[in-house]
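The values are calculated or read from the model by the stated rules, or taken from the named source; none is laboratory data. Predicted model, so just to flag it, every value in this text is computed and none were measured. Cβ placement follows ideal geometry from the backbone for every residue including glycine, while neighbour counts extend to all protein chains displayed. Ligands, DNA and RNA are stripped out before the accessible areas are found, and what is left, the full protein with its side chains, is counted by its heavy atoms. Shrake-Rupley method; radii C 1.70, N 1.55, O 1.52, S 1.80 Å.
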Amino acid sequence: MFKEVKKHKSGARTGLLNTRAAPVKTPFFMPVATRGAVKGLEPPEVADTGAEVLLSNTYHMHLAPGEKQVKNLGGLHDFCRWPGPILTDSGGFQVFSLSNIRKITEEGVVFKDPASGRETLITPEKSIQIQLDLSTDIIMAFDDVTGLDPNKDKVREAEAVARTHRWLLRCIAEFKKQTKNMPKAKRPLLFGIQQGGLDKKLRQKSLEFVQSTEVDGIAVGGLSVGEPLKEMHAMLEFLSPLYDPSRPHYLMGVGEPINMHFAIEHGIDMFDCVLPTRNGRHGSVWINGDKKLNLNNSGHTSDKGPIDKKCDCHTCQQGYSRAYLRHLFKMADPLAGKLASIHNLRYLQRICEGYR
Ligand SMILES: [Zn+2]
């Protein structure tokens, strides 16, 4: 499934991940297509930034249009016209961060859909079934996420990790049951998620547990949820010698350039984040040296230059000036967010390409 190709003295490594849709070189960054679309961009435009793998959110696709509907329409690849690999998260993070949680039990999580008010139960088995119906290539185990819980304490954190482990075993059992008739080359990959907040002992225990199972990849969850940068980096540094080198390592929800550099040099192979597109839609772009530039600033009113002279993205190569982009942002034209998103996505892809 995964092969480490080369280890660099910086700590970074390159590798090859074989998914059923296509093989992908690591490290890589996945643009987020929450509802099956990277907001405002067509798949060829996303691919043109260098992206090879897309991430879609199980929670959102389950609520609308529903996984059965997507299945009837040929699966998510066909539905959203992205032929390359797709990873779906398990829905855990969204259930815990976006919905109105009614009850967390050993069975699963009951939540209220904020749009319809409908109460829904998601269990580890259900999460796997939804992802298999969506027919994606990398499937994530359902986890108990505590990172965003304002009332979290050490006991709750330890409980959540233990539950995440029990749920992982249920996800693996369900995944095996559902995929037992698939030939190995046609089977999606299943990744386990390690948790533990900022508690090193708990993190290590969780990583060891996930790695003791037969999952195809290891994900680090619950980081970059508001903790200070220093603490997140310290945890990545602590975990880096503990990863199983024979499996891919995925740092969930991280996409600030400075964090990507740090993580790649500490053994991480995969990333996803809404930042490049969300920031882009608000006029915030990264330029050479990981600096941030706000295209809304009046200082760009007469600036004929592109966002970044050294950038090879479509937006910069096409010659759209900072002045023009500022004007579009001021007029609230959707083209503004699209062009800035393209630039930001390309910026992160170049970081990965640099290491590859
Ligand atoms: Zn650019």
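Remarks
- The chymotrypsin sites (Phe, Trp or Tyr not before Pro) of segment 112-182 include none that meets both conditions, a loop assignment by DSSP and at most 13 other Cβ atoms within 10 Å of the site Cβ.
- Taken per residue, the accessible surface of the chain reaches 44 Å², heavy atoms only and a 1.4 Å probe.
- Relative contact order of segment 2-273, defined on C-alpha pairs under 8 angstrom at six or more residues apart (%): 19 percent
- Qualifying trypsin sites (Lys or Arg not before Pro) in segment 7-43, DSSP loop, other Cβ atoms within 10 Å at most 10: LYS9
- A Förster radius of 25 Å combined with the Cβ-Cβ distance from ASN288 to GLU237 puts the calculated FRET efficiency at roughly 0.40.
- 0 to 90° range, to nearest 10: angle between helix 229-239 axis and the chain longest Cα axis: 50 degrees
- When the pairs LYS103/LYS205; LYS68/LYS177; LYS103/LYS201; LYS6/LYS309 are compared against a 23 Å limit on Cα-Cα distance, LYS103/LYS205; LYS103/LYS201; LYS6/LYS309 fall above it.
- Largest-first ellipsoid semi-axes for segment 207-299, taking √(5λ) over the Cα gyration tensor eigenvalues, angstrom: 30, 13, 11
- Dimensions of the chain from C-alpha coordinates, computed as largest minus smallest value along each principal axis and given longest first, are 60, 48, 44 Å.
- Approximate spin-label separation ASP113-ASP199, in nm, with each point projected 7 Å along Cα-to-Cβ: 3.5 nm
- Restriction of the trypsin sites (Lys or Arg not before Pro) in segment 159-255 to DSSP coil positions whose beta-carbon has at most 14 other beta-carbons within 10 angstrom yields LYS180.
- Cβ screening of the chain for cysteine pairs under 4.7 Å finds these without a partner: CYS80, CYS171, CYS273, CYS313, CYS352.
- Stretching the chain fully between HIS261 and LYS25 yields a gain of 83.3 nm (0.36 nm per residue, less the alpha carbon separation).
- Euclidean distance between Cα centres, segment 76-128 to segment 303-347, Å: 34 Å
- Given a 1.4 Å probe and the protein chains as shown, ILE101 ends up with an accessible area of around 50 Å².
- Whole-percent carbon and sulfur share, accessible surface of segment 2-273, 1.4 Å: 54 percent
- Relative to the longest principal axis of the Cα atoms of the chain, the long axis of helix 334-355 lies at roughly 70 degrees.
- Mean Cβ count within 10 Å, highest first, over the residues of peptides 215-228, 327-340, 293-306: 215-228, 327-340, 293-306
- Helix-derived mean residue ellipticity, 222 nm - over the chain, DSSP H n ≥ 4, -39500 (n - 2.57), to 500: -11500 deg cm²/dmol
- Separation of the ILE104 and ASN181 label points, Cα + 7 Å toward Cβ, nm: 3.7 nm
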